[in-house]
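Written below as structure tokens is the structure these notes are about.
The values are calculated or read from the model by the stated rules, or taken from the named source; none is laboratory data. Just so we're clear, the structure is a prediction, and the values are computed from it rather than from any experiment. Quick reminder, even Gly has a Cβ in these numbers, built from the backbone with ideal geometry, and neighbours come from all protein chains shown.
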Amino acid sequence: MNVEIDRFLDYLRVERRYSASTLDNYARALGKLATLAESLGLAHWSELRTASLQTFVAQLHRGGLAPASLALFLSTCRSFFRFLARDGRVRINPAVGVRAPKVRRKLPQVLDADEMGALLEFPTGDAEAVHDRAMLELLYSSGLRVAEIVSVRWSDLDAAEGMLRVTGKGSKTRIVPVGRQALDALAALRAQESPADEALILRGRGGRPLSTNGVRTRLKRRAREQGVWKRVYPHLMRHSCASHLLESSGDLRAVQELLGHADIGTTQIYTHLDFQHLAKVYDAAHPRARRK
């Protein structure tokens, strides 16, 4: 039965071109499913029943597995059994109809405009600072994921039009705008890079492109140096970009396109930030809301 799991993971890697981190998540979830199959003494995946899977999910929940992790487990199971059904190896999908406990969605943290200004406006007196300024300006300007910025090439940038081609999750490509200050920072970076350098974000060891962990480390260091004491990480830049755009424009669909969200429901979490901000302003300013 592990052969089917290996074939499914190969399918995700080769045909769907999933990232290594996503494949690791799928592999861990399928490891749990294999444990269930072994405990039940199953000889074939077609023998797994919905009731057994539901009982297993309840056991995992009682054991302390978070609702979000349970939801990921069930999503992986549904995809795996769809894969098996496509080749006629199962007739029903036992994961359909099994629900995980409700996930309590946390509101993303953001930097306000003043904090973002403090973070980005550091001196660029040396080559590394020029590089980091361009990297952070681009993260904030275009709302990029950390995996996206490390894969961007100079050939993806159209500086004249202020646009950047980005390859996101599932190898989907989108075109995003790049703001004036980010373009200025990128121009300064381009002026000091060798024409042979293809990766836009360099300055790792030996001049190699930075890893995602390298971006996180650089960002955290710049935040400390600039006196921004919140926990600062690349996705915080993306959250802040989305929140600031939505607050100014109110255009949810445009923010969805910028971020590359397949489902607008994912983008709608930023509207909750707006309402939260409105509530704070109301409580501080309305005559009937202010505390004595």
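A compact table of results
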| quantity | calculated |
| --- | --- |
| Flag if Gly88 is small (Gly, Ala, Ser), over 29 Å from the mean Cα position of the chain (by Cα), at pLDDT below 95 and surrounded by fewer than 15 Cβ atoms within 10 Å (Cβ to Cβ) | yes |
| Selection from region 81-96 of residues that are basic (Lys, Arg) and part of a loop (DSSP other than H, G, I, E, B) | Arg89, Arg91 |
| In region 91-122, residue surrounded by the fewest Cβ atoms within 10 Å (Cβ to Cβ) [restricted to those that are within 30 Å of Met237 (Cβ to Cβ), among the aliphatic types (A, V, I, L, M) and modelled with pLDDT of 90 or more] | Ala118 |
| Residues of region 1-42 satisfying the condition of being assigned to a loop (DSSP other than H, G, I, E, B) and under 19 Å from the mean Cα position of the chain (by Cα) | Arg16, Arg17, Tyr18, Ser19 |
| Number of the condition not met by Glu128 [criteria: (1) crowded, with 21+ Cβ neighbours inside 10 Å; (2) assigned by TED's automatic domain parsing to the domain that holds Gln226] | (1) |
| Residue among Gly227, Gly179 that is touching a residue at least 12 places away in the same chain (Cβ under 8 Å) and surrounded by 15 or more Cβ atoms within 10 Å (Cβ to Cβ) | Gly179 |
| Residue under evaluation Arg174, criteria (1) part of a strand (DSSP E or B); (2) surrounded by fewer than 18 Cβ atoms within 10 Å (Cβ to Cβ); (3) modelled with pLDDT of 90 or more, criterion not met | (3) |
| Condition check for Leu157: in contact with a Lys or Arg (Cβ under 9 Å, 6 or more places away or on another chain), surrounded by 14 or more Cβ atoms within 10 Å (Cβ to Cβ) and either over 19 Å from Leu210 (Cα atoms) or not acidic (Asp, Glu) (or both) | yes |
